[in-house]
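First up is the structure itself, then whatever we jot down about it.
The values are calculated or read from the model by the stated rules, or taken from the named source; none is laboratory data. Note that the coordinates shown come from a computational prediction; the quantities given were computed from them, not determined experimentally. Every residue, glycine as well, gets a Cβ built from its backbone with ideal geometry; the counts of neighbours run over all protein chains shown.
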Amino acid sequence: MFHYYALYKPFQVLSQFTPEADKLCLKNIIDVPSNVYPLGRLDYDSEGLLLLTNDASVNAKLLHPKTKHSKTYWVQVEGAITPQAIQQLAQGVSISINGKQHTTLPAKVKILPQEPLLPPRSTPIRFRKNIPTSWVSITLHEGKNRQVRKMTAAVGFPTLRLVRYSMEKITIENMQPADLVSFSQKEFFHLLGW
């Protein structure tokens, strides 16, 4: 029997079931059948949507570079982000991936007019009175290692908090960290646009 889940991965939890050093992993926060695994990764210091399944066909379909599924991230950056930086992010910036330069694909980027309604993070963001922060929404169709963090740093606005809000039409709307939502195959595939 196939299982399909959406998890709100908390901050500082590994996107794997195997423990590493003294870090929390998925096994510490959710209970799913032993053959279920995460689709892709979300960094230890990032939070938000992580999909899980035991349906191997989904992995190839979702993660293959040719499929170009949209993933939206809500990103808190240090500083008052400028329209020029937003334009650069949208057009594509040069980042280093495994020691090689990579120009990111065009992205949909916009400034969020106010801080999104998100649960407070387990470890608060460092607050500096004289340095403002901004929230931006970045929708990508690729997923390189630490891509969003590298992109915002490349335009001079380092990432403070990174939350994956959605993949296609599956979102973390109304979810709390460690919440796990189960889907039927039909629902899951429909929300991914298949």
Taking only pairs six or more apart or across chains, which ones have beta-carbon atoms under 8 Å, a first residue in the stretch 1-18 that is under 20 Å from residue 190 (Cα atoms) and small (Gly, Ala, Ser), and a second residue that is part of a loop (DSSP other than H, G, I, E, B) and modelled with pLDDT of 95 or more? 6/172; 6/175
In the stretch 19-35, what residues are in contact (Cβ under 8 Å) with a residue 12 or more places away in the chain and surrounded by fewer than 19 Cβ atoms within 10 Å (Cβ to Cβ)? 23, 24, 25, 28, 29, 30, 32, 33, 35
Could you tell me which of the residues 73, 8 is among the hydroxyl-bearing types (Ser, Thr, Tyr), farther than 17 Å from residue 181 by Cβ and assigned to a strand (DSSP E or B)? 73
So which residues in the stretch 42-69 are out of contact with any His (no Cβ under 9 Å at 6 or more places or on another chain), at pLDDT 80 or above and of a type in the set (A, V, I, L, M)? 42, 49, 50, 51, 56, 58
Would you mind listing the strands (runs of 3 or more DSSP E) fully within the stretch 79-192 where at least 1 residues are of a type in the set (S, T, N, Q)? 94-97, 100-103, 133-140, 159-167, 180-183
Which listed residue is surrounded by 12 or more Cβ atoms within 10 Å (Cβ to Cβ) and without any contact (Cβ under 8 Å) to a residue 40 or more places away in the chain, from 183, 189: 189
Over the stretch 96-114, the set of residues closer than 22 Å to residue 80 by Cβ and among the small types (Gly, Ala, Ser) is 107
Filter the stretch 152-174 down to the residues that are under 19 Å from residue 40 (Cα atoms) and over 11 Å from the mean Cα position of the chain (by Cα), then identify the one that is surrounded by the most Cβ atoms within 10 Å (Cβ to Cβ). 170
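Table: residues versus (1) of a type in the set (A, V, I, L, M); (2) touching a residue at least 12 places away in the same chain (Cβ under 8 Å).
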residue: 77; (1), (2): yes, yes
residue: 80; (1), (2): yes, yes
residue: 85; (1), (2): yes, yes
residue: 88; (1), (2): no, yes
residue: 93; (1), (2): yes, yes
residue: 101; (1), (2): no, no
residue: 108; (1), (2): no, yes
